[in-house]
Amino acid sequence: SQQGEEDPQALSIQEGENATMNCSYKTSINNLQWYRQNSGRGLVHLILIRSNEREKHSGRLRVTLDTSKKSSSLLITASRAADTASYFCATRNSGGSNYKLTFGKGTLLTVNP
Amino acid sequence: DGGITQSPKYLFRKEGQNVTLSCEQNLNHDAMYWYRQDPGQGLRLIYYSQIVNDFQKGDIAEGYSVSREKKESFPLTVTSAQKNPTAFYLCASSLPRGPTDTQYFGPGTRLTVL
């Protein structure tokens, strides 16, 4: 079953603009991760935020987490054409002994030069 | 050059045939995973293995089978019992190092049933 739901499904912006993608989930989590997928390729891990963290930065990426609303956002600043890809959030539920991730359906980001 | 490889990149199968997708990693990871991705959809977990000679069903295991005889290899067989096998298949691996474990993905195999 898919837990994360990204919003919007698709986003088109101009180079240099900021891109914000949102993810909502349903159950208690240990952490939330964001992955990127270029068309027809595998996924690449971008950033992980733990349930006790509210904000995290990595280069041009900023991730926030609101566990009370069960939601997260990914902000890409000063976007580039090379940022064009699909972005997925993935959650790891709290408890349990396995390391399964549950992925959302993704946001397709298009950055126009 | 460490990484995770999948072969073939494209695979065509006739209805009623079994087909095996290869996944190999040289990252010395204990855990490996198989996902299925349909157009415009997220990833759905088929099977996963946390250690050699052990594997668990994921959310959509019906019509699929796996083996984990070696740490480096986790082949996926798509059987004729899988009614709609046309999809993009992704293999991943991880250490694992606990809940903050992250996954490394292969480039994927696109399977088309003719």
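Of the residues in region A:96-109, not one is within 14 Å of chain B (Cβ to nearest Cβ), closer than 18 Å to residue B:41 by Cβ, touching a helix residue (DSSP H, G or I) at 6+ places or on another chain (Cβ under 9 Å) and of a type in the set (Lys, Arg). Number of residues in region B:75-97 that are modelled with pLDDT under 95 and within 14 Å of chain A (Cβ to nearest Cβ): the value is 4. In a residue-by-residue description of region B:43-62, the property of being under 24 Å from residue A:37 (Cα atoms), modelled with pLDDT of 95 or more, surrounded by fewer than 20 Cβ atoms within 10 Å (Cβ to Cβ) and small (Gly, Ala, Ser) applies to at least one position. Regarding residue B:111, is this residue within 14 Å of another protein chain (Cβ to nearest Cβ), touching a residue at least 12 places away in the same chain (Cβ under 8 Å), outside any loop (DSSP other than H, G, I, E, B) and over 11 Å from the mean Cα position of the chain (by Cα)? In short, yes. The single condition from (1) over 14 Å from the mean Cα position of the chain (by Cα); (2) closer than 17 Å to residue B:104 by Cα; (3) surrounded by fewer than 18 Cβ atoms within 10 Å (Cβ to Cβ); (4) not basic (Lys, Arg) that residue A:81 fails is (2). A search for C-beta distances below 9 Å between a residue of region A:42-54 that is more than 9 Å from chain B (Cβ to nearest Cβ) and assigned to a strand (DSSP E or B) and any residue that is surrounded by fewer than 15 Cβ atoms within 10 Å (Cβ to Cβ) and hydroxyl-bearing (Ser, Thr, Tyr), counting only pairs 6+ apart in sequence or on different chains, returns A:46/A:58; A:47/A:58.
Inspection of region B:51-68 finds no residue satisfying the criterion of being among the aromatic types (Phe, Trp, Tyr) and within 11 Å of chain A (Cβ to nearest Cβ). Which residues, counting only those in region B:10-24, are more than 12 Å from chain A (Cβ to nearest Cβ) and surrounded by 15 or more Cβ atoms within 10 Å (Cβ to Cβ)? Within region B:10-24, B:11, B:13, B:19, B:21, B:22, B:24 qualify.
The values are calculated or read from the model by the stated rules, or taken from the named source; none is laboratory data. Just so it is clear, the model here is predicted, and its values are computed rather than measured. Cβ sites come from the backbone with ideal geometry, for glycine too, and all protein chains shown count toward neighbours.
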